[in-house]
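These notes are about the structure you will find just below.
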Amino acid sequence: MKNLLAGLLLLLWCCNLQAQKLKTDQKLTAQIQTAIQGFRGDVGVYVRYLRTNQMVEIQADTVFPTASLVKVPIQCGLFDRIEKGELQYSATLTYKDSLKYDDGITGSLKDGTKISLSTVVMLMETISDNTASLWCQALAGGGKNINDWLAKNGFVHTRVNSRTPGREANRTRYGWGQTSPREMAELLTMLGQGRAVSAVASDRMYRNLGRQYWDGEALSQLPPDVKVATKNGAVNRSRSEVVLVHAPHGDYVFCVITKNNQDESWTSDNEGFALLRKISKLLWDYYEPKRPYTPPAGSQKLYQEAVE
């Protein structure tokens, strides 16, 4: 019965997404197409205004590298095990030097350090700590278990590639993971609406995604008092961000992902970073025209760039 219900819910979700394709926001689409003109790389954009389901779809179903966006599905796979009683969110873990991937916070711990699973998850989502994230991936049962959860929930393009047997070719092409702008935005929306794993798990995961340290791109163009949930990713030739904005006049979700970027710099004026800021501001001004927002002059030097 449980599997039948899950199948029916998945069918309803897929049918709903198909129906939404008939509600393209032509005006906003034209504005975003103008905004991405001249970008030296490939750009995918998906936007959905949740109250009316009007959308923008620009290469929305094209596969892109996730970079650290992969940490959203990793969290889902982990909480699926927690929901099943196979792990405890409050469990105390022991860090081992063999877990070290880089010199982030987790990778700087001493061998034998005790740390709670909830803290490791927080480090994964809030500061995008890579050692913590790979630890969470292993605790989730590895990439295969996470990918099984994604497939079961209707995601076709979103997969974990790194440290996942049988996905070596995908890892060579896309890196740690792969996704599409539509799927990543809809996964975040599932969390926000309490539909991922369970209502309780979704609530905890969504709260974790509401405390982002790397706020120099899309978030910098939003008023600081507006509630958002977000995750971003960055590697040399790809910059990305997915954001669900709880705006005063209606929630909206968007995902922008790039690949094959010619500009591989790691300064704030990088083309990919600049594009994330440009589209975020465009969307805020479009949906909230009576509440314009411009960051204070000189504030960029104090934002945390999504450098990983």
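The values are calculated or read from the model by the stated rules, or taken from the named source; none is laboratory data. A quick note: this is a predicted structure, and the numbers were derived from the prediction, not measured. As a convention, Cβ positions derive from the backbone with ideal geometry for all residues, glycine included, and neighbour counts pool all protein chains shown.
Structure above, values below:
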item	result
Residue within segment 242-249 that is surrounded by 23 or more Cβ atoms within 10 Å (Cβ to Cβ), touching an Asp or Glu at 6+ places or on another chain (Cβ under 8 Å) and either within 20 Å of Lys301 (Cα to Cα) or not aromatic (Phe, Trp, Tyr) (or both) present	yes
Filter result for Val43 (over 20 Å from Ser280 (Cβ atoms) and not basic (Lys, Arg))	no
Qualifying residue in segment 71-79 (condition: in contact with a strand residue (DSSP E or B) (Cβ under 9 Å, 6 or more places away or on another chain), within 20 Å of Thr179 (Cα to Cα) and hydrophobic (A, V, I, L, M, F, W, C))	yes
Any hit, segment 115-123, residues being surrounded by 14 or more Cβ atoms within 10 Å (Cβ to Cβ), of a type outside the set (D, E, K, R) and either touching a residue at least 40 places away in the same chain (Cβ under 8 Å) or in contact with a His (Cβ under 6 Å, 6 or more places away or on another chain) (or both)	yes
Selected residue [closer than 15 Å to Ser240 by Cβ and at pLDDT 95 or above] from Ser202, Ser162, Ser220, Ser180	Ser180
Hey, Asn236 within 21 Å of Gly38 (Cβ to Cβ) and surrounded by 15 or more Cβ atoms within 10 Å (Cβ to Cβ) or not	no
Filter result for Leu275 (part of a helix (DSSP H, G or I), of a type outside the set (Val, Ile, Thr) and touching a Leu at 6+ places or on another chain (Cβ under 9 Å))	no
Selection within segment 139-151 - over 16 Å from the mean Cα position of the chain (by Cα) and either in contact (Cβ under 8 Å) with a residue 60 or more places away in the chain or crowded, with 19+ Cβ neighbours inside 10 Å (or both)	Leu139, Ala140, Gly141, Gly143, Asn145, Trp149
Residue that is nearest to the chain's Cα centre (by Cα) [pool: residues in segment 81-100 that are under 30 Å from Ser198 (Cβ atoms) and hydroxyl-bearing (Ser, Thr, Tyr)]	Tyr89
Entirely in segment 76-189, the helices (runs of 4 or more DSSP H) that have 2 or more residues that are under 24 Å from Asn232 (Cβ atoms) and among the polar types (S, T, N, Q)	117-126, 130-139, 168-174
Single match in Gly154, Gly175 (criterion: farther than 20 Å from Met205 by Cβ and either of a type in the set (A, V, I, L, M, F, W, C) or touching a residue at least 40 places away in the same chain (Cβ under 8 Å) (or both))	Gly175
Evaluation of Ser268 against (1) crowded, with 19+ Cβ neighbours inside 10 Å; (2) small (Gly, Ala, Ser); (3) at pLDDT below 95 (one fails), failing number	(1)
Evaluation of Lys259 against (1) buried (at least 21 other Cβ atoms within 10 Å of the Cβ); (2) in contact with a helix residue (DSSP H, G or I) (Cβ under 7 Å, 6 or more places away or on another chain) (one fails), failing number	(2)
Looking only at segment 210-240, and only at residues there that are outside any loop (DSSP other than H, G, I, E, B) and under 14 Å from Glu271 (Cα atoms), the one that is nearest to the chain's Cα centre (by Cα)	Ser240
Count of segment 190-227 residues which are surrounded by fewer than 20 Cβ atoms within 10 Å (Cβ to Cβ), of a type in the set (Val, Ile, Thr) and within 26 Å of His157 (Cβ to Cβ)	0
Matching residues, segment 271-308, being within 18 Å of Val45 (Cβ to Cβ), of a type in the set (Ser, Thr, Tyr) and surrounded by fewer than 18 Cβ atoms within 10 Å (Cβ to Cβ)	Tyr286
